[in-house]
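Laboratory data are not the source of any read-out in this text; all were calculated from the coordinates shown. Everything quoted here is computed from the prediction, not taken from an experiment. Note that each Cβ is placed from the backbone with ideal geometry, even for glycine, and that neighbours are counted across all protein chains shown.
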Amino acid sequence: MARRAVVIGAGLAGMLAAAALSGAADEVIVLDRDDLPDGPGHRKGLPQGRHAHLLLAGGLAAMEDLVPGVSMRRTLLAAGAHDIPLGSGIVSHTPEGWFRRWRHDGPRLLACTRALLDWAVRTAVLDHTRVELRTAQVLELTGRGGRVTGVRLSTPAGERELDAEFVVDASGRGSRVPHWLESLGVTDIPERTVDSGLVNATRVYRVPEGAERFPLTIVQADPYANRPGRSAMVLPVEGGRWMVSLAGTRGGEPPADPEGFLRYTLDLPDPLVGRLISGAEPLSEVHLSRSTHNVRRYPEKVRDWPEGFVVLGDALAAFNPAYGQGMSVAALGARFLGEEVRRGGLGAAGLARRAQRGAARSVDAAWAMAAGQDVWYPRTRGGRPNAADRLVTRYSRRLTKAATGSYRAASTLWDLTSLTAGPGRLLHPGTVLAVLNGPLLPPLQGPPLTVEEWRVLRALERGAG
Ligand SMILES: Cc1cc2nc3c(=O)[nH]c(=O)nc-3n(C[C@H](O)[C@H](O)[C@H](O)COP(=O)(O)OP(=O)(O)OC[C@H]3O[C@@H](n4cnc5c(N)ncnc54)[C@H](O)[C@@H]3O)c2cc1C
């Protein structure tokens, strides 16, 4: 009998999980309830696609490992994505002051629309593996004897069952996995939510003439000021556009009206984002997203977890998007699944449990960063800082402070935020020394812009009147 794997959801986690399984299964079928666009287009099942998405170095590396022979970076750059070095290509105001821009580039991130990224990944997987995509909504899992054996699905032609030796749930934040498993007798999957009430507001602008090379600009939120967090980012994406994303926690939510949107950016601790966009031409409405709380499931802790079934991507853990980690964590989880499958094949006893444990490890680092900071906002639900949080926070704030004026501290921070190094790096002797030494250079009094960038900024302000 043919060995079939089924993946629920054709988002990033789903397509990458399918790639991971494709070497071991005779047939991999990805099911999505959406009709997927032929090109890089927005779609209903991916509402977050209207918002800015950063692809971190750790995530890109995992994606490229999963589809060997394809340079995702080259494909995305050819389609207009921006390649941004963390060391020199970002202007960032943090709660501890302005970060410097260094001569060394450090790790890079890719900036493009989510529509382009999904299309590039989907095309790479479909062109280079035997994965097949079908339009269908999964209604439930089927299974017996401690094993998931397939799915029940709905198509315009009616409902039917599809058997599979292995099933992956990659159906995103709205996954019904607790409910699906309950009907197979698996109950009480531990779950934790940390909800700062964050709202994201995004508007797309045409990049003003002359500002094409202006760096990615961020004014970060301050979780430690006992006030709602407020932040803004100008992200260059393909097609000569800026995606301008604002984010505010409960009590500090950004508005959806255009005037309020601009005012919000100008009222931040530094008005740089507002100064950049005040004269720029908007190309879209303001889009809001409220699907931003941190929520994590712990399937690795369930004693009777079924064989033949794994949960990945946002269905496993979804984060406050301010940290730009969700897609990369999804890719790391899929890569781990691929490694396990290569080792023992699809039918290996305990595969699901081992893959789930591995995926949990990639979630840990991202969760510590996102939930670990969100607990500090005054009206966050689902957690307050405990003694351990206070200790870790004191240390990581000192690291951030040091990074404003120490290359070694800055490069540690880049590796951690790029998910190319795990939390263990925090206690590396070099890191501890950099933290103890603090910033070696004096704090910057304003944004670290080049002479040319200052000229562009002033010209934009004059143009805005
Ligand atoms: C405002 C915002 C900004 C973000 N910014 C970033 C960022 O900068 N960097 C980053 O890495 N991450 C970011 N994220 C997170 C990122 O969007 C998610 O981590 C990522 O989409 C997870 O991918 P996924 O494949 O798990 O889920 P999704 O992308 O949500 O895909 C799930 C898929 O499953 C399908 N589906 C659902 N239910 C069914 C069903 N029953 N049957 C069949 N198909 C089904 C859906 O149609 C969809 O295609 C952001 C999120 C938000 C909300």
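Worth a mention:
- A simple charge model with +1 on the Cβ of Lys and Arg, -1 on the Cβ of Asp and Glu and nothing else charged puts the dipole of the chain at about 1200 debye relative to its Cα centre.
- Only Lys, Arg (+1) and Asp, Glu (-1) charged, at Cβ; region 351-465 dipole about Cα centre in debye: 460 debye
- Pairwise Cα inverse-distance average, inverted: Kirkwood Rh of region 142-247 (Å): 18.8 Å
- Relative frequency of Cα-Cα separations exceeding 24 Å in region 94-194, percent: 51 percent
- Alpha carbon centroid spacing (whole Å) that separates region 20-77 from region 301-376: 17 Å
- The chain: antiparallel DSSP beta bridges as a percent of all, rounded to 5: 70 percent
- Of the complete DSSP H runs in the chain, those spanning 18 angstrom or more by Cα along the long axis with a mean Kyte-Doolittle score not below -0.5 are 114-128, 326-344, 351-374, 451-464.
- At an R0 of 56 angstrom, the distance between the Cβ atoms of VAL451 and THR187 translates into a FRET efficiency of 0.30.
- A simple spin-label model places the labels of ALA388 and ASP127 4.6 nm from each other, with each point 7 Å out along Cα-to-Cβ.
- Point-to-point label distance, SER71-LEU266, nm (Cα→Cβ direction, 7 Å offset): 4.5 nm
- Ordering PHE166, PHE319 by the number of other Cβ atoms within 10 Å of each residue's own Cβ, fewest first, gives PHE319, PHE166.
- Overall Cα dimensions of region 334-408, principal axis frame, Å, largest first: 49, 36, 17
- Point-to-point label distance, SER284-LEU436, nm (Cα→Cβ direction, 7 Å offset): 4.8 nm
- The ranking of ASP389, ASP364, ASP169, ASP195 by Cβ neighbour count inside 10 Å, starting from the fewest, reads ASP364, ASP389, ASP195, ASP169.
- Diffusion constant of the chain at 25 °C, which comes from Stokes-Einstein with the Kirkwood Cα-pair radius and 0.890 mPa s, µm²/s: 107 µm²/s
- Note that region 1-140 shows a convex hull volume over its alpha carbon atoms of 140 Å³ per residue.
- Look at LYS401, LYS44, LYS301 and count the other Cβ atoms within 10 Å of each Cβ; fewest to most, that gives LYS44, LYS301, LYS401.
- FRET efficiency, TRP102 to ALA157 (Cβ-Cβ, R0 60 Å, nearest 0.05): 0.55
- For region 278-403, the relative contact order comes to 23 percent (Cα pairs under 8 Å, sequence separation of at least 6).
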